[in-house]
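Notes follow the structure.
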Amino acid sequence: MNCLEFHRLKLADPRRLSAEAQTHLEGCPDCFAFAQDVDRSERKLEQALITPVPDGLADRMLLGRRGSSRRVWRVWALAASVVLATALTVVYLGSAPPDQYARLAIEHLVNEPEALTTLRDADAEAFRTIVQNFGGTVKALPGRVRYIRLCPLEDGTTGWHIVFETPEGLATLLLVPGKQPDATQVASAEGWSALARPTPRGYYAVVTASSAATARIDRMVQERIDWKA
Amino acid sequence: MRAYSADLYRYAHWLCRDRHLAEDLVQEAFARAWSAWADLRDLAQAKAWLFAILRNERARMFARKQVATLAGELDESQLPPAPSFEPGLEMAQIVAMLPETYREPLLLQVLGGFSCAEIAAMLATSEGAVMTRLTRARQALRQQYTEAGKRKAAR
């Protein structure tokens, strides 16, 4: 067995090494160090996966009665939601909230926190192509592109979710085709600040952790992307 | 049932990322297991059998579109208000971001304690394919975790 094969076996199942792999481990200092490192990672992984189990779960399973009570609650919650949604529709009929697109951007960011926690180097060229298809031209990048994903948004539309690493910190940019706010919108909620601005083919929204940073990133986006091209 | 309910719940929780949905799924799986108890020929296989039932119940849940319906009931208290860089949470977030083809065999191995051959039988694939997925899953975890550590150190 060579070291490459040992690494593969250790990563595939750290706890079940074959006799041959065990023999290799005992004779190879590099693989011994590698195995110790994998074991440390494995302990962290186990700690992360051991989520708390609800109290009395097994008892409820045995009694088989937990589901019924919560399902009743769900029916009432659903009914209440329908009544509330209907009431809101009546109140706002014909007059959408003036900050709906900015709020939508915050809502989307809160629902996808992983976009900010699992950074990868995304393709800057992909960003340029997306903007081009959106009717714009990138003169300079607003920052290092760290995340790009086409996302279903909470109002049923679809938009590009992009995260930039900027001097202001991480900034989220949503590019949403099809719908346009009448004017620039701003909103703050859940510790986030958003600004949505119409473009010829839809709108974009910038979200950061402060209104000042959002304004600066928006200014940077306006300076570095020509939306009228 | 008592012996496996915690492992099954955790597996369901990591598949669904929703504690209510996970509990429902475990409930459904146990209900189905009770009704099909006579089909279990080898008690030593009870755990793998229960995990397989749970996987199937999840597929049924998707087929019935219950998952989409329940998405509106997401418990917002489970969402971090801002990106978290706590060590435990960070690893959990990295696991959550793994593609399901990598995450599922990893959960079966770490939470279920199953071997590659057992996982291959459960996922109806080859042992070699499972080993490849597990190797890549751990490589991805280690790489992401190391990069996260560097980012933290740089701040």
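The values are calculated or read from the model by the stated rules, or taken from the named source; none is laboratory data. Predicted model, so just to flag it, every value in this text is computed and none were measured. Glycine gets a Cβ as well: all are built from the backbone with ideal geometry, and neighbour counts include every protein chain shown.
State which residue is modelled with the highest pLDDT when the search covers only the stretch A:134-153 and only residues that are surrounded by 14 or more Cβ atoms within 10 Å (Cβ to Cβ) and part of a loop (DSSP other than H, G, I, E, B).
A:L141
Restricting attention to the stretch B:8-24, which residues are charged (D, E, K, R) and touching a Phe, Trp or Tyr at 6+ places or on another chain (Cβ under 8 Å)?
Of everything in the stretch B:8-24, just one residue is charged (D, E, K, R) and touching a Phe, Trp or Tyr at 6+ places or on another chain (Cβ under 8 Å), namely B:E23.
For the stretch B:20-47, give me each residue that is surrounded by fewer than 18 Cβ atoms within 10 Å (Cβ to Cβ) and within 15 Å of the chain's Cα centre (by Cα).
Result: B:H20, B:K47.
Pairs under 6 Å by beta carbon, first residue more than 13 Å from B:L111 (Cβ to Cβ) in the stretch B:45-57, partner small (G, A, S), six or more apart or different chains?
B:I53/B:A29; B:I53/B:A33; B:E57/B:A29
Among the listed residues B:A44, B:A31, which satisfies the condition of being assigned to a helix (DSSP H, G or I), within 14 Å of chain A (Cβ to nearest Cβ) and farther than 19 Å from A:T51 by Cβ?
The unique qualifying residue is B:A31.
Taking the condition surrounded by fewer than 17 Cβ atoms within 10 Å (Cβ to Cβ), hydrophobic (A, V, I, L, M, F, W, C) and in contact with a strand residue (DSSP E or B) (Cβ under 6 Å, 6 or more places away or on another chain), does A:A126 pass?
yes
Looking only at the stretch A:154-174, filter to residues that are β-branched (V, I, T) and assigned to a strand (DSSP E or B); which one of those is farthest from A:F134 (Cα to Cα)?
A:T166
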